[in-house]
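S.K.: To start, I am sharing the structure in question, which I have written as structure tokens.
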Amino acid sequence: MHPALQLDEILFNIFSRCDPPLGLIKQYNTRRCSEKTFSGVVGLVALARTCTFKEPALDVLWSELLDLTPLARCLPQVCYRTTRGHNAGSTLTGHASQRSHVSTPEWYSFHRPLEQHEWDTLRSYTRRVRSIRDFKGALDADCVRTFLNPPNSEPLFPRLRYLRFVSLFSTYSNDTTPLLYQPFPSLISVEFLNSFSSLSVLQTFLGSSPRDSPNIERLSVRVSRDGNDAVDRVVSDYICRWSNPRIVLCDHITLNIDAITHLSCTPNLTQLKFTLGEIILPDRITTLQELCFDRLQTLHVYCASLSLVSKLLGRIRLPVITDFVVEFKINPSKQQLASIFTYLQSSVSDSITKFCLVQRRFPSRLDVADASGLVLVYDDLRPTMAFRNLRHFELNLQWNVGLTGDDLLGLTAAWPCLEGLLINREWGWRRDLNGVTPEGMVRLLQTCPSLSQLALAIDTRSCDNGCLKAPPSSSCSHPTRRSNPTHSFSIDFLDSVITPAAVPAMAAFLADTVPSDLLSFTARNRCYVGFNGFSAIVRRREHITMWREVLTQANEAIERRCCQSLD
């Protein structure tokens, strides 16, 4: 055998390619496993039964767990009993118990204390676990208490690196939550999803983490909505005591100024996502000293208004930022938009590759731009031309859009590496400003050879007479298409207006312009200015149907061309 195959690290990497180890953990529900997943598991099991490859193969098989249930199965059957039925899992409540019962019909419980040799068997597997997706499983309270009380103080999961909780605090009882307080010396990433019905659990876990899990580098806390002040305080307090954060993702969590100040002093922070509070920030922003995030590459901010982001940007420095994303609620003024562009233009124009300003939509709002409101024009976006390395540009405002094909060509000429251009993908454009012509779209693709995602309105009036002709394929085909046939390309036509007479011409034009079976596009057709109520809904459905017909005819033309080339 080659000497390289005697190293467990190399064998672990090789065996990891057989199939994701998560496939094995789903063995109790094989109906949901693909044939490829099942064959990969069989191969790993065979390797684990080979003396030479036993250890690295077992490391792969046990590297990732959906929950703790498989550990119970590793013990002799005399240690536990199984119970069937929805109510067998006493540690879970209500619907959560029923959901777990669907995938795992048997509930496990220990009816006696484990002996030392059984603990040794258990630890021979727990020491291999590197990731736990969720603690929910088919274990009752007695089973969990057993895991909570090992015969010595050694960590039960010494190599655990990734830990994830999904709706844990609403489905587990007080008997099981102490499992969170176990020491995890190798833990580097922890993720909390959904609700926090038991705030004390989150507080205790984060409070003990600096001592029991000192190596955590990534924290992700996601709640369903803003405004949970108690969760905000708990997370902010933990961050202030966190010494080595690298990734902080706090969806809808408002961090206070102390937490933001502490993060600016940490040397390894590269990603930051949080909510910028509209009450806390104005009280202290005037006295806040300038903060420098030396290594921060991704900044994602939720806020009520762009004015809050402008104030924050005036007090911080982001010398190496690459991804800048802001999601906000209140419709901004042109001055607020200009202030964001001005700051980025003067400080990070060379490093930024992704720029997104997204105004959230709410179901209660009318999904239409105001005819008397603001109009997005070329001069509003001119400062972004300083972003020479831009790859993804997304702007989504409750404004009307007055951009033409020439305007977009002028902007994208400054972005030779552009891959995504999304303008008002959610709010739509404007009915009396008809967008970019098909010919303008071709020139746009020629200007940006890497462009793979478009969201803009198309002016189809030139297609109404049926005489629209695409340029020769050698000059109009997407350059990336010709060099990389598997390169995906999508167009979202938003609220573009199209008539039945223009459908054949537009389909032929697209088939000639983007000759690939990977072409896909959607037509959202939001409500138009001047339309409301039932008429807007009918209008929207009418255009969606016609754009679908365009897609069908374009793909049929592509298939015919392929068949002819084969003949």
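The values are calculated or read from the model by the stated rules, or taken from the named source; none is laboratory data. The structure displayed is predicted, hence computed values, not measured ones. Note: ideal-geometry Cβ built from the backbone for every residue, glycine included; neighbour counts use all protein chains shown. Each accessible area value is taken on the protein alone, full model and side chains, heavy atoms only, with ligands, DNA and RNA left out. Shrake-Rupley method; radii C 1.70, N 1.55, O 1.52, S 1.80 Å.
S.K.: Provide a single number: the residues in segment 332-352 that are open to solvent by 10 Å² or more (accessible area, probe 1.4 Å) and either in contact with a Cys (Cβ under 8 Å, 6 or more places away or on another chain) or modelled with pLDDT under 90 (or both).
M.R.: Taking segment 332-352 and keeping what is open to solvent by 10 Å² or more (accessible area, probe 1.4 Å), we get 333-336, 338-339, 342-343, 345-347, 349-351.
Subsequent filtering for residues that are either in contact with a Cys (Cβ under 8 Å, 6 or more places away or on another chain) or modelled with pLDDT under 90 (or both) retains 342-343, 345-347, 349-351.
Summing the residues that are open to solvent by 10 Å² or more (accessible area, probe 1.4 Å) and either in contact with a Cys (Cβ under 8 Å, 6 or more places away or on another chain) or modelled with pLDDT under 90 (or both) in segment 332-352 gives 8.
S.K.: Within segment 386-401, track down each residue that is open to solvent by 20 Å² or more (accessible area, probe 1.4 Å) and over 21 Å from the mean Cα position of the chain (by Cα).
M.R.: If we filter segment 386-401 for residues that are open to solvent by 20 Å² or more (accessible area, probe 1.4 Å), which is where we start, we get 386, 388-389, 391-392, 394, 398.
If the condition is that a residue be open to solvent by 20 Å² or more (accessible area, probe 1.4 Å) and over 21 Å from the mean Cα position of the chain (by Cα), then 386, 388, 389, 398 are the ones that fit.
S.K.: Looking at segment 69-91, which of its residues are modelled with pLDDT under 50 and either open to solvent by 10 Å² or more (accessible area, probe 1.4 Å) or assigned to a helix (DSSP H, G or I) (or both)?
M.R.: 86, 87, 88, 90, listed by residue number.
S.K.: More than 25 Å from the chain's Cα centre (by Cα), open to solvent by 10 Å² or more (accessible area, probe 1.4 Å) and touching a residue at least 40 places away in the same chain (Cβ under 8 Å): is that true of residue 410 in this structure?
M.R.: no
S.K.: How about segment 432-479: which of its residues are at pLDDT below 65, outside any loop (DSSP other than H, G, I, E, B) and surrounded by 19 or more Cβ atoms within 10 Å (Cβ to Cβ)?
M.R.: Across segment 432-479, the qualifying residue is only 476.
S.K.: Could you check segment 22-60 and list, in sequence order, the residues that are at pLDDT 75 or above, within 32 Å of the chain's Cα centre (by Cα) and either of a type in the set (Ser, Thr, Tyr) or open to solvent by 10 Å² or more (accessible area, probe 1.4 Å) (or both)?
M.R.: If the condition is that a residue be at pLDDT 75 or above, within 32 Å of the chain's Cα centre (by Cα) and either of a type in the set (Ser, Thr, Tyr) or open to solvent by 10 Å² or more (accessible area, probe 1.4 Å) (or both), then 58, 59 are the ones that fit.
S.K.: Out of all the residues in segment 187-213, which are open to solvent by 20 Å² or more (accessible area, probe 1.4 Å) and at pLDDT 85 or above?
M.R.: 188, 191
S.K.: Still on this structure: Considering each residue of segment 72-81, count those that are free of Cβ contacts under 8 Å to residues at least 60 places away in the same chain and closer than 27 Å to residue 16 by Cβ, and give that number.
M.R.: Summing the residues that are free of Cβ contacts under 8 Å to residues at least 60 places away in the same chain and closer than 27 Å to residue 16 by Cβ in segment 72-81 gives 3.
S.K.: Next question. Anything in segment 273-327 that is at pLDDT below 85 and β-branched (Val, Ile, Thr)? List them, or say none.
M.R.: 279, 280, 285, 286, 287 - these are the residues of segment 273-327 that are at pLDDT below 85 and β-branched (Val, Ile, Thr).
S.K.: Let me ask something additional. Report whether or not residue 379 is surrounded by fewer than 21 Cβ atoms within 10 Å (Cβ to Cβ) and modelled with pLDDT under 85.
M.R.: Numbers: surrounded by fewer than 21 Cβ atoms within 10 Å (Cβ to Cβ): yes; modelled with pLDDT under 85: no.
Against the criterion (surrounded by fewer than 21 Cβ atoms within 10 Å (Cβ to Cβ) and modelled with pLDDT under 85), residue 379 does not qualify.
S.K.: Scan 103, 124 and give me the residue that is at pLDDT below 80 and of a type in the set (S, T, N, Q). Let's see the steps before the verdict.
M.R.: On the way: 124 fails: at pLDDT below 80.
The unique qualifying residue is 103.
S.K.: Separate question: Looking at segment 106-121 only, could you name the residues that are assigned to a helix (DSSP H, G or I) and either modelled with pLDDT under 80 or among the β-branched types (Val, Ile, Thr) (or both)?
M.R.: Listed by number, the list holds a single entry, 121.
S.K.: Looking at segment 382-401, can you tell me whether even one residue there is in contact (Cβ under 8 Å) with a residue 12 or more places away in the chain, of a type in the set (Lys, Arg) and in contact with a Gly (Cβ under 8 Å, 6 or more places away or on another chain)?
M.R.: Looking for residues that are in contact (Cβ under 8 Å) with a residue 12 or more places away in the chain, of a type in the set (Lys, Arg) and in contact with a Gly (Cβ under 8 Å, 6 or more places away or on another chain), one finds at least one in segment 382-401, hence yes.
S.K.: Evaluate the following for residue 365: is it assigned to a loop (DSSP other than H, G, I, E, B), within 25 Å of the chain's Cα centre (by Cα) and modelled with pLDDT under 75?
M.R.: Considered against the rule, which asks whether it is assigned to a loop (DSSP other than H, G, I, E, B), within 25 Å of the chain's Cα centre (by Cα) and modelled with pLDDT under 75, residue 365 comes out as no.
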